[in-house]
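Here's the structure we're looking at; comments come further down.
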Amino acid sequence: MITTTKPINDLLKEWQQQRLITSLDRHFALQLAQLHQESAPLFTLICALVSQYLSSQHTCLPLKQIDSENPFKEQSSQCRININIDELEQTLLQFDAIGTADDAELKPLIIDKGNLYLQRYFNYEKQVAEHLNRLSFAPVESSLSQDKALDDASELLNQLFPANEQQYDWQKIATATAMTKKLAVITGGPGTGKTTTVTKLLYLLCSRQEMTIRLVAPTGKAAARLSESIKASKLRLASEMNQVGVVNLEKNIAKIPEEAATLHRLLGVIPNSHQFRHHKDNPLRLDLLVIDEASMVDLPMMHKVLCALPEHAKLILLGDQDQLASVEAGAVLADICAGLKQVNKKTKQSRWQMHYSLAQVELLSQLTSTSLAEFTSLNPKIGDSLCMLMHSHRFQGDAGIGQLATAVNHSNLPRIAEVWQTGYQELCWLEHTISNTAHGNSSAGNKGLEALLVQTIEQYGIYLAAMSQGDVDADKIIDSFNQYRILCAMRAGEYGVEGINQSVTTALAAKGLIHPEQEFYAGRPIIIQSNDYNLGLFNGDIGLILPDSSSQTGRLMAHFIQADGSLLKVLPARLPSHETCYAMTVHKSQGSEFSHVSLVLPVKPSVAQQQLLTKELVYTAITRAKHHFTCLGSQRVFEQASRSLTQRASGLAQRLWRD
């Protein structure tokens, strides 16, 4: 069934050495073949391939995507599958370890809808789709079935969202959508008002009934930012609603929760266990769950959340569907939104279009006093629960950051070049200039890197100067540090996190701004790399090593701002695994905002690095910046990344939109 140049076990070793597969992929394939007494090389190869796909964050292996001539994309293929791909499914089902959805509880590998899954991920995907469809298709809230209730809700919506020049007030439509459904997915780019919308929605819901509401985000950093955003939105809302004389304003605004937690804390971590305290047999005690930065939630975590959600509860997902997908397997938010994307066959440009049922169009039109007839769909599927915010309030008019983000998001290379050439003050391009004497990716003589380090010394010098004064509060120093950040596409290499952190450390030390003679020095920024539930520190949390103001000796402590805004101090010796964080990966930056962001791209990316360089990565980096964005790179690499789309194999979109 397959032809190989040598025994399959020997090939697995070679592929691991060439980093085409991981050690886990290899041992998984060998172990499963041994357990099921399968000697066929095809079975071993397919097991390694499905594990490799999972290692690459795909939830399944689409059988039609397999290259039968070169399954592992070697430089020179040593393996060929001698079966027509259309016949491969039936051939694989002859193996005892591979089954269909009908016997999914009995087989370790499942084929369904042309995809090969590990049993666990098949169950995750199937059950997540079932939960989301159940919530989306649940009957409309009964309290809105009466005309008077509709009129009252419509009047309050008009107060919350005064008339403006926009043809469609998508914030108002999103709020109305969430009022009418048990599931609401509110998506949009940076500055489109997702937090403002959900704050007004919570106010509206709290004014109509008593509810237990929980706010969560995937990381501590994102949770802290959500808390800050909700507090600011409540202040703006109070000011706006005071002007129209709303009854019980302060009372209802006070009901809106401000403190956000991480998903792990919400579900209840059990030390030394992958299980959580809350699950389907011990559901969460809440009426409404709001999850921010939903693009960061992977398939297994979304499954755990949905299983723990009480039967009666409402769920609101907030996020940007165009951002990087989760670090682990799946792209749940992108799959949920997939049915809204329309691609022009001629220009290849994509646009988003809402899909509502006739009944939902009539209800939303009545609530919002806006005709939504053009969005009527005969087969809306989960579309009745979705609303995409289209208008950015952060990047107004011809703002350079917004223009660049939009051009990258649409992979519009001529427009990208035009934006960079326009000379926007908030955009800065630094070109890699490797000298003739430098070899490979060496940073020696790179004037672009030198300019970046000058900029970095200026930016980080602000918080380091505040620290040296001695009488500045730690939280203010941390806030100053968080105004600027260098983001890298990858971890390793001279232009990855490791190399840039070393370059910045050396540059700051040369200016006398830091004294890194010892591991923990004053001013060193650190990022946590593993969870420590006892200390309350989680992967991705960022802090600073600073003198402890409450100590007479001024001993050095690690300082962190927690989700509730409080300051956490930890002895450096007690810290879980961590590393220096003048620079961090774009992935780790999700859920954060900085006044000024500098993106570093590699000079000559390898094949592996090119796979990481996607338009979602560049778009995410750009949209972390509020006021200034710098890029150190080359036009070729920037444009290559901007036209490379992240492709995650998954069957979830099909289950939500086509089944």
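The numbered conditions (1) part of a helix (DSSP H, G or I); (2) modelled with pLDDT under 80; (3) surrounded by fewer than 21 Cβ atoms within 10 Å (Cβ to Cβ); (4) not acidic (Asp, Glu) are all true for Pro139 except (1). In the stretch 151-166, the residues that are touching a residue at least 12 places away in the same chain (Cβ under 8 Å) form Cβ pairs under 6 Å with partners that are surrounded by fewer than 16 Cβ atoms within 10 Å (Cβ to Cβ), at six or more places apart or across chains, as follows: Gln159/Val244. For the stretch 556-567, a tally of residues being closer than 30 Å to Ala492 by Cβ and open to solvent by 20 Å² or more (accessible area, probe 1.4 Å) returns 2.
Restricting the stretch 535-555 to residues that are among the small types (Gly, Ala, Ser), assigned to a loop (DSSP other than H, G, I, E, B) and closer than 19 Å to Leu464 by Cα, which is most open to solvent (accessible area, probe 1.4 Å)?
Residues of the stretch 535-555 that are among the small types (Gly, Ala, Ser), as a first pass: 536, 540, 543, 549-551, 554.
From the residues that got through so far, the ones that are assigned to a loop (DSSP other than H, G, I, E, B) too are 536, 540, 549-551, 554.
Still in the running and closer than 19 Å to Leu464 by Cα: 549, 554.
Details: Ser549: 110, Gly554: 30 Å².
Only one residue fits best here, namely Ser549.
Note on the stretch 27-57: among residues that are of a type in the set (Ser, Thr, Tyr) and out of contact with any strand residue (DSSP E or B) (no Cβ under 6 Å at 6 or more places or on another chain), the one that is farthest from Ala97 (Cα to Cα) is Ser56. Considered as a group, the residues in the stretch 75-90 that are free of Cβ contacts under 8 Å to residues at least 40 places away in the same chain and among the polar types (S, T, N, Q) include one that is surrounded by the most Cβ atoms within 10 Å (Cβ to Cβ), and that residue is Ser77.
Each row is one residue, and each column tells you yes or no for (1) outside any loop (DSSP other than H, G, I, E, B); (2) open to solvent by 10 Å² or more (accessible area, probe 1.4 Å); (3) in contact (Cβ under 8 Å) with a residue 40 or more places away in the chain.
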residue	(1), (2), (3)
Leu487	yes, no, yes
Leu513	no, yes, yes
Pro516	no, yes, no
Ala522	no, yes, yes
Ile526	yes, no, yes
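Given the options Leu49, Leu54, Leu32, Leu11, name the one that is open to solvent by less than 30 Å² (accessible area, probe 1.4 Å) and closer than 20 Å to Leu612 by Cα.
Working: Leu54 fails: open to solvent by less than 30 Å² (accessible area, probe 1.4 Å); Leu32 fails: closer than 20 Å to Leu612 by Cα; Leu11 fails: closer than 20 Å to Leu612 by Cα.
Testing whether each residue is open to solvent by less than 30 Å² (accessible area, probe 1.4 Å) and closer than 20 Å to Leu612 by Cα leaves just Leu49.
Residue by residue, here is whether (1) within 20 Å of the chain's Cα centre (by Cα); (2) of a type in the set (S, T, N, Q); (3) at pLDDT below 85; (4) crowded, with 17+ Cβ neighbours inside 10 Å holds:
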position	(1), (2), (3), (4)
Val128	yes, no, no, yes
Leu132	yes, no, no, yes
Glu155	no, no, yes, no
Gln159	no, yes, yes, no
Ala163	no, no, yes, no
Asp169	no, no, no, yes
Ile173	no, no, no, yes
Met179	no, no, no, yes
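Give me a count of the residues in the stretch 590-619 that are open to solvent by 10 Å² or more (accessible area, probe 1.4 Å), more than 17 Å from Asp322 (Cβ to Cβ) and in a loop (DSSP other than H, G, I, E, B). Number of matching residues: 4. With the condition kept exactly as written, say whether any residue in the stretch 33-52 is free of Cβ contacts under 8 Å to residues at least 12 places away in the same chain and closer than 30 Å to Val327 by Cα. No: zero hits. Strands (runs of 3 or more DSSP E) fully within the stretch 33-129 that include at least 1 residues being under 27 Å from Asp659 (Cα atoms): 98-100, 109-112, 115-118.
Out of Thr192, Thr212, Thr197, Thr187, one residue alone is touching a residue at least 24 places away in the same chain (Cβ under 8 Å), under 30 Å from Gln353 (Cβ atoms), hydroxyl-bearing (Ser, Thr, Tyr) and out of contact with any Ser or Thr (no Cβ under 7 Å at 6 or more places or on another chain). It is Thr187.
Name every residue in the stretch 270-310 that is free of Cβ contacts under 8 Å to residues at least 24 places away in the same chain and either over 24 Å from Ser227 (Cβ atoms) or crowded, with 23+ Cβ neighbours inside 10 Å (or both), in order of residue number. Give the steps one after another, and end with the answer.
Restricting attention to the stretch 270-310, the residues satisfying the condition of being free of Cβ contacts under 8 Å to residues at least 24 places away in the same chain are 270, 272-275, 277, 281.
Within the stretch 270-310, Ile270, Asn272, Ser273, His274, Gln275, Asp281 meet the criteria.
Checked against the criteria, Val216 counts as of a type in the set (A, V, I, L, M), surrounded by 19 or more Cβ atoms within 10 Å (Cβ to Cβ) and not in a helix (DSSP H, G or I).
If the condition is being at pLDDT below 90 and farther than 18 Å from Ser326 by Cβ, then the stretch 269-296 contributes Val269, Ile270, Pro271, Asn272, Ser273, Gln275.
Got a number for residues in the stretch 504-533 being of a type in the set (Ser, Thr, Tyr), at pLDDT 90 or above and touching a strand residue (DSSP E or B) at 6+ places or on another chain (Cβ under 9 Å)?
The total comes to 2.
Of the listed requirements (1) assigned to a helix (DSSP H, G or I); (2) under 22 Å from the mean Cα position of the chain (by Cα); (3) more than 20 Å from Ala129 (Cβ to Cβ), Lys251 misses just one: (2). Across the stretch 357-390, what is the number of residues that are crowded, with 20+ Cβ neighbours inside 10 Å, assigned to a helix (DSSP H, G or I) and of a type outside the set (D, E, K, R)? Looking only at that region, the number is 9.
The values are calculated or read from the model by the stated rules, or taken from the named source; none is laboratory data. Just so we're clear, the structure is a prediction, and the values are computed from it rather than from any experiment. FYI the Cβ positions are ideal-geometry reconstructions off the backbone, even for glycines, and counts take in every protein chain you see. Ligands, DNA and RNA are stripped out before the accessible areas are found, and what is left, the full protein with its side chains, is counted by its heavy atoms. Shrake-Rupley method; radii C 1.70, N 1.55, O 1.52, S 1.80 Å.
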